[in-house]
Amino acid sequence: MKRSVEIGVDVSCAASKIARGQLVAIPTETVYGLAADALNPLAVAKIFEAKQRPKFDPLIVHIASRESLDWLTEDVPAIIQKMVDRFWPGPLTVVLPRKSCVPDLVTSGLGTVAVRMPDHPLARRLIEQSGKPLAAPSANLFGRTSPTTALHVADQLGEQVAYILDGGPCQVGIESTIVAVNEDRLILLRPGGITLEQIEELTGTGSVVIPDSKQASRDSSGGLPLVPGQLKEHYAPLTPLMICEDIFRSTARTRVGLLTLQLSEADRKRASEMFESFEELSATGNLAEAAANFFAAIRKLDGQNLDLIIATPFPQQGLGRALNDRLNRAAH
Ligand code: AMP
Ligand code: MG
């Protein structure tokens, strides 16, 4: 464990590191971010280095005011304006044509940039004090489980960051929903903390296109934007993870852990006999609670030297969509 890094709540200290082009881990409501001055390409390059993230995977730029969106992007369509009015600050990222002040490294050379206003007071104060938008992917090594506490960051990237701003455990616990727009229709590039149901309630049923992931990542012949960086393998623990509806189907492995939304009393008893350990994400089956616990539970199981983690799928509705997306990638 690399805890020699400074962890605290000193926003001025964090801002001075950002001004010097260093990396600061920041709390957001989704997951902890690895932040740098988005307008400084040398600082942004350090993010890719620290995470060992491929340069074709563009970053999300975090802002603290609606005006900053105009500063970074060309004109904002009415449907996006409606979305940010409702969901910002919050776990919604919008992809729009970018202005030239945004470095190529941030967007992987795309003509668009992804922007979000996080709903965490420390993150927003840091952005305000820095006077700069912050590029910030999740503060973990590329492809691995996202961090939802300051200690998770210290464990994996403690030696790479200049300061960890500690904002407590993340309230939402999974990444933002990413949308782009194509001729008045929204394209759901990544399911996340804002649900499809919440969006459609605002913009109308059928207003959201969900791209076929295989097609969208291969080309844009259907007029859909590319979905870069949405790799099939992501969020992965080091222990093999398998998705399975029937948790009591026997496996040949001996040390097996279970990750599940909710267990009945009888199943809980059986699970404690059959599994080396189990993580029940919400005793009441609440998907928001499950999301907040999700990555920490995977990390906990991953730290137990198990042969296998068995995970049950979530109901494919509300936050369950984003949770299934993360689970499928973690299992790939
Ligand atoms: P994260 O890894 O959580 O920081 O999210 C970054 C993800 O946002 C990338 O992997 C892409 O899927 C998406 N993204 C960022 N910028 C763009 C863009 N300009 N166009 C489409 N998707 C983007
Ligand atoms: Mg990530």
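Each value in this text was obtained by applying a stated rule to the coordinates, not by laboratory testing. These figures come from a predicted structure and were not determined experimentally. Positions of Cβ are generated from backbone atoms using ideal geometry, with glycine treated the same way; all protein chains shown enter the neighbour counts.
Suppose only helical runs count, i.e. DSSP H with n ≥ 4. What mean residue ellipticity at 222 nm does that imply for the chain under -39500 (n - 2.57) per run, divided by all residues and rounded to the nearest 500 deg cm²/dmol?
After summing the helix terms and dividing by the residues of the chain, the value is -9500 deg cm²/dmol.
Less than 12 Å apart at the alpha-carbon level, and either on another chain or at least 8 residues along: which aspartates and glutamates does that give for LYS55?
Within the straight-line cut-off, LYS55 pairs with ASP104.
For region 111-184, what does the relative contact order come out to in percent, with C-alpha contacts under 8 Å and a separation of six or more?
24
Cross-link candidates for LYS300: which aspartates and glutamates have Cα within less than 15 Å, leaving aside residues fewer than 8 places away along the same chain?
Leaving aside aspartates and glutamates fewer than 8 places away in the same chain, those within reach of LYS300 are ASP155, GLU276, GLU279, GLU280.
Taking the simple approach of a point 7 Å from Cα along Cα-to-Cβ for both SER4 and SER16, what is their distance in nm?
With each label placed 7 Å out from Cα toward Cβ, I get 2.1 nm.
May I ask which of LYS51/LYS82; LYS51/LYS132; LYS46/LYS232 have a Cα-Cα span longer than 28 Å here?
LYS51/LYS82
Only four residue types carry charge here, +1 at the Cβ of Lys and Arg and -1 at the Cβ of Asp and Glu. Report the dipole size of the chain about the Cα centre in Debye, rounded to the nearest 20. Walk me through the numbers on the way to the answer.
On the way: 34 positive and 38 negative charges, 143 e Å.
In total the dipole reaches around 680 debye.
Quick one: HIS62, HIS332, HIS120, fewest Cβ neighbours within 10 Å first, how do they rank?
Listed from fewest to most nearby Cβ atoms, that is HIS332, HIS120, HIS62.
May I ask you to derive the relative contact order of the chain, considering only C-alpha pairs under 8 Å and at least 6 residues apart, and to give it as an integer percent? Spell out each step's value before the answer.
On the way: 729 pairs, mean separation 67.0, N = 332.
Dividing the mean separation by the residue count of the chain yields 20 percent.
Which length gain, in nm to one decimal place, applies between GLN317 and ASP85 when the Cα-Cα distance is subtracted from 0.36 nm times their residue separation?
Full-extension gain reported as 81.1 nm.
Pick from ASP155, ASP85, ASP166: which residue has the top mean-square fluctuation in a GNM of the chain where Cα pairs under 10 Å get a spring?
Maximum fluctuation in the GNM of the chain, among the listed residues, is at ASP85.
Listed highest first by mean packing, meaning other Cβ atoms within 10 Å per residue, what order do 245-258, 139-152, 93-106 come in?
Put in order of decreasing packing, that is 139-152, 93-106, 245-258.
Test of understanding: extend the Cα→C-beta vector of ASP75 to 7 Å, then name every residue of region 94-130 with backbone N under 16 Å from that spot.
Inside the label zone: 96-99.
If amide hydrogens are placed 1.01 Å from N in the peptide plane, which non-local residues have theirs closer than 5 Å to the one on CYS244?
Amide H neighbours of CYS244: ALA311, THR312.
Span-like helices, the chain: DSSP H, alpha-carbon axial extent 20 Å or more, mean Kyte-Doolittle -1.0 or greater, which ones?
287-302
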